[in-house]
Amino acid sequence: MRFTDILASAVASLRRRPLRTVLTSTGVVIGTMAVVVMISLGVGLARQTEVSANSPTVRQVSVQNPPPGERGKPAPKMDDALAQTLATFEGVEAVFPEYFVDMKVKAAGIDQYFSIRGIPAEAFSALGYDLAWGNMPERGGSLQLLAGGKTNESWDPITGEPKSIDFKDRALFLTADTASGALMEGAAPAPAIGDASGAGGSEGSGTNGSGSASGAGEGTTSVAPPRPILARVSGQIAEDPQAWTATSALFFADIDTLVSSLKKSLPSEKLPGQQSANAKPGRNFIYNEFIVMAKDADAALNLTTELRDSGYGAFSEAEWILEAKKTAARIQAALGGIGAISMLVAAIGIANTMLMSVYERQRDIGVMKVIGASMRDIRWLFLVESSSIGFLGGVVGIVLSYGLSALINSLTTQPDQVGGISQIPPLLAVAAVAGATLVAMASGMVPARRAMRLSPLAAMTAQR
């Protein structure tokens with residue numbers, strides 16, 4: 001028999017029992033949908049992880065502590081010499097110093113303390129901040145600030161209701177918090193201005209026990225209060241309104257401009273965390289942290305491990321990205337296994353249907369054998385019939401899977417989310433149809449073997 005004759009005979013047999021064919025195919029449809037949708041959820045999770053892994057923040061390694069000192073030598077300082085040492089590690093593209101200072105920010109509608117982070121102006125583009133509006137701070141001139149996504153959120157002091165402040169074209173007045181500005185490890189404490197609240201100042205603050213600030217000389221007992229720094233917000237980081245991040249409540253500025261403004265605000269005084277009144281970036285300056293930019297997420301992970309092995313206090317987002325990838329793979333395997341159970345049930349249904357078909361068509365099989373049909377023709381007749389059920393169910397299942405995936409994404413995807421939570425790659429669709437066809441064909445093997453073993457004489461005399 002030609003293949004076209006076998007195919008026509010199989011289709012005719014399926015059309016002879018349409019209800020049974022539809023019910024059996026429905027099992028394949030449900031099994032295909034279960035497998036595809038379950039795997040698509042795992043694929044979506046994995047792709048979301050990949051998107052995070054390609055973001056600039058995952059290439060960053062934060063170094064917050066230097067390694068311990070070698071035998072008989074003091075521990076290294078968080079200064080420019082340490083930055084040069086970090087740049088020598090393999091996989092490092094750039095090293096950006098970061099300086100923290102707490103400042104009181106006053107403007108119309110806002111009067112509270114914020115942490116101001118000073119970083120080099122060229123670092124802003126490398127760090128990959130997305131802006132809701134405005135531009136990145138520039139070096140030189142008056143102090144410009146990059147506002148975190150939620151720094152403009154405040155509360156009305158009268159009603160207690162939340163309110164949002166528009167930073168555009170608004171002047172801000174910043175005052176350095178010399179009383180609570182923490183000195184970093186290794187920095188010498190300095191006398192502070194006479195203030196009863198400063199009594200009992202702790203180690204690491206910019207004050208001594210009497211609360212008087214350091215002046216130009218050893219015997220200074222009082223100095224003028226810090227001069228307010230006039231600044232403006234050049235831009236604001238774009239953030240999800242419903243989520244807080246590490247940058248939500250921070251302001252950023254060019255480190256050189258920030259230090260220059262602080263020196264004018266605190267003339268003849270040591271800046272918070274510094275050991276010398278003449279310290280400035282590039283000369284005897286002590287930083288709070290170094291941001292080390294690696295080539296990619298894998299390089300950041302290796303660099304983090306190497307720095308820790310060398311004694312540095314280092315961490316990076318690449319570590320949790322790696323763990324998230326492993327979790328996504330486990331979830332994808334588990335969801336695929338759940339869907340495979342549905343396909344197994346469908347395969348049992350196909351096998352049962354084909355066995356019933358063999359029983360009902362014994363006389364037809366006997367006639368085919370008598371007129372010269374080979375064992376191979378009989379086998380292929382039932383295999384093509386069962387695989388047709390699988391192919392039909394697989395195609396319908398894929399179409400419905402795309403619809404269900406779109407519904408899931410419309411209900412769960414956030415407006416700024418890249419891609420949906422359920423993603424069906426074309427390869428998965430093709431593999432699902434091919435898999436359903438092969439599973440159905442495998443389910444028809446036992447019925448086909450039974451049909452092949454039928455005796456032509458017994459088959460001819462069998463009752464329908």
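The values are calculated or read from the model by the stated rules, or taken from the named source; none is laboratory data. All figures in this text were calculated on a predicted structure; none of them were measured in a lab. Don't worry about glycine lacking a Cβ; one is built from the backbone with ideal geometry, like all the others, and counts go over all protein chains shown. When the accessible area is computed, the model is the full protein with side chains, heavy atoms only, and any ligands, DNA or RNA have been set aside. Shrake-Rupley method; radii C 1.70, N 1.55, O 1.52, S 1.80 Å.
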Each label sits 7 Å from Cα toward the beta-carbon; between ASP240 and GLU153 the label points are separated, in nm, by 1.3
Per DSSP, the loop-located chymotrypsin sites (Phe, Trp or Tyr not before Pro) within the stretch 85-182 having at most 11 other beta carbons within 10 Å are none
Whole-percent carbon and sulfur contribution to the accessible surface of the stretch 259-371 (1.4 Å, no ligands, DNA or RNA) stands at 58
Counting only protein heavy atoms and rolling a 1.4 Å probe, one gets per residue an accessible area for the stretch 132-172 in Å² of 58
Semi-axes (Å, rounded, descending) of the ellipsoid equivalent to the stretch 324-372 per its C-alpha gyration tensor are 44, 11, 4
When every protein chain stays in place and a 1.4 Å probe is rolled, MET356, MET452 sorted by accessible area with the largest first are MET356, MET452
XL table LYS163/LYS325; LYS104/LYS263; LYS77/LYS168; LYS104/LYS295; Cα-Cα > 28 Å flagged, in table order, is LYS163/LYS325; LYS77/LYS168; LYS104/LYS295
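Take the Cα atoms of the stretch 232-377, build their convex hull, and give its volume per residue in Å³.
262
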By accessible area (1.4 Å), largest first, ASP309, ASP79 order as ASP309, ASP79
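Stretched out fully, how many nm does the piece from ARG2 to ALA333 gain, at 0.36 nm a residue minus the Cα gap? Working shown, then result.
Details: separation 331, 0.36 × 331 = 119.16 nm, distance 4.16 nm.
That works out to 115.0 nm of additional length.
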Taking alpha-carbon centroids only, the stretch 112-159 lies from the stretch 359-407 a number of Å equal to 66
Over the Cα atoms of the stretch 68-164 the radius of gyration and the largest Cα-Cα distance (Dmax), both in Å, equal 18.8, 61
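Protein chains only, probe 1.4 Å: how do MET368, MET103, MET445, MET38 rank by accessible area, largest first? Please list the in-between numbers first.
Numbers: MET368 30, MET103 0, MET445 80, MET38 55 Å².
So the residues, ranked largest to smallest area, are MET445, MET38, MET368, MET103.
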A chain fully extended from PHE173 to ASN278 at 0.36 nm per residue, minus the present Cα-Cα distance, gains in nm 35.4 nm
